[in-house]
Amino acid sequence: MVLEGFHHVAIICSDYQKSKAFYTEILGLRVIAETYRAERQSYKLDLELPNGHQIELFSFPTPPQRVSNPEARGLRHLAFVVESVAASADYLQGLGVDVEPIRIDELTGKPFTFFQDPDGLPLELYQK
């Protein structure tokens, strides 16, 4: 078996419309498909990054909260590659998104920073 990469990452949100706007209007992801599953009272929004990787955004009536801070076991964060961390951080801040100060990865020498989606999921910008 050879793993060739990620196909998608699934995210469950608490406010579907707010998260949909964040991922499409602020982060600029393209909507592939939007489906409402009545039996689950759940939306599934398929989003695509320019490289073809996907995010599946789900809503459910009462999802439990996930522990994310401090360093809890499990998925820590999602990291997106960008041409310029500084320019991307400025763009997000211009739209009212709080962005942490830019840091330098001591192992690669590349800039990176973190911000959060509407549910507090940590998202990282990492320079190409």
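What's the number of the condition G96 fails, among (1) touching a helix residue (DSSP H, G or I) at 6+ places or on another chain (Cβ under 6 Å); (2) more than 16 Å from Y126 (Cβ to Cβ); (3) in the same structural domain as Q127 (by TED's automatic domain parsing)?
Among (1) touching a helix residue (DSSP H, G or I) at 6+ places or on another chain (Cβ under 6 Å); (2) more than 16 Å from Y126 (Cβ to Cβ); (3) in the same structural domain as Q127 (by TED's automatic domain parsing), G96 violates only (1).
Check whether at least one residue in segment 45-57 is outside the structural domain of Q17 (by TED's automatic domain parsing), polar (S, T, N, Q) and out of contact with any Leu (no Cβ under 8 Å at 6 or more places or on another chain), and report yes or no.
no
Determine the pairs where a residue that is under 25 Å from Q41 (Cα atoms), located within segment 1-29, has a partner that is among the β-branched types (V, I, T) and loosely packed, with under 15 Cβ neighbours inside 10 Å with Cβ atoms under 8 Å apart, the partner being 6 or more residues away or on another chain.
That search, which allows pairs on different chains as well, returns T24/V31.
Would you mind finding the one in L75, L57 that is in contact (Cβ under 8 Å) with a residue 40 or more places away in the chain and under 13 Å from the mean Cα position of the chain (by Cα)?
L57
So which residues in segment 1-46 are among the charged types (D, E, K, R) and farther than 26 Å from L92 by Cα?
E4, R37, E39, R40
Scan segment 29-45 and tell me whether some residue there is in a loop (DSSP other than H, G, I, E, B), under 17 Å from the mean Cα position of the chain (by Cα), under 15 Å from I11 (Cα atoms) and modelled with pLDDT of 90 or more.
Yes: one or more hits.
Can you find a residue in segment 32-40 that is surrounded by 10 or more Cβ atoms within 10 Å (Cβ to Cβ) and either outside the structural domain of F6 (by TED's automatic domain parsing) or out of contact with any strand residue (DSSP E or B) (no Cβ under 8 Å at 6 or more places or on another chain) (or both)?
yes
Any idea which of V9, V2 is among the aliphatic types (A, V, I, L, M) and under 18 Å from E124 (Cα atoms)?
Result of the check over V9, V2: V9.
So which of S88, S59 is of a type in the set (S, T, N, Q) and either in contact with a helix residue (DSSP H, G or I) (Cβ under 6 Å, 6 or more places away or on another chain) or loosely packed, with under 10 Cβ neighbours inside 10 Å (or both)?
S59
The values are calculated or read from the model by the stated rules, or taken from the named source; none is laboratory data. It should be emphasised that the depicted structure is a prediction, and the values quoted were computed from it without experimental measurement. Cβ atoms come from the backbone with ideal geometry, glycine included; neighbour counts cover every protein chain shown.
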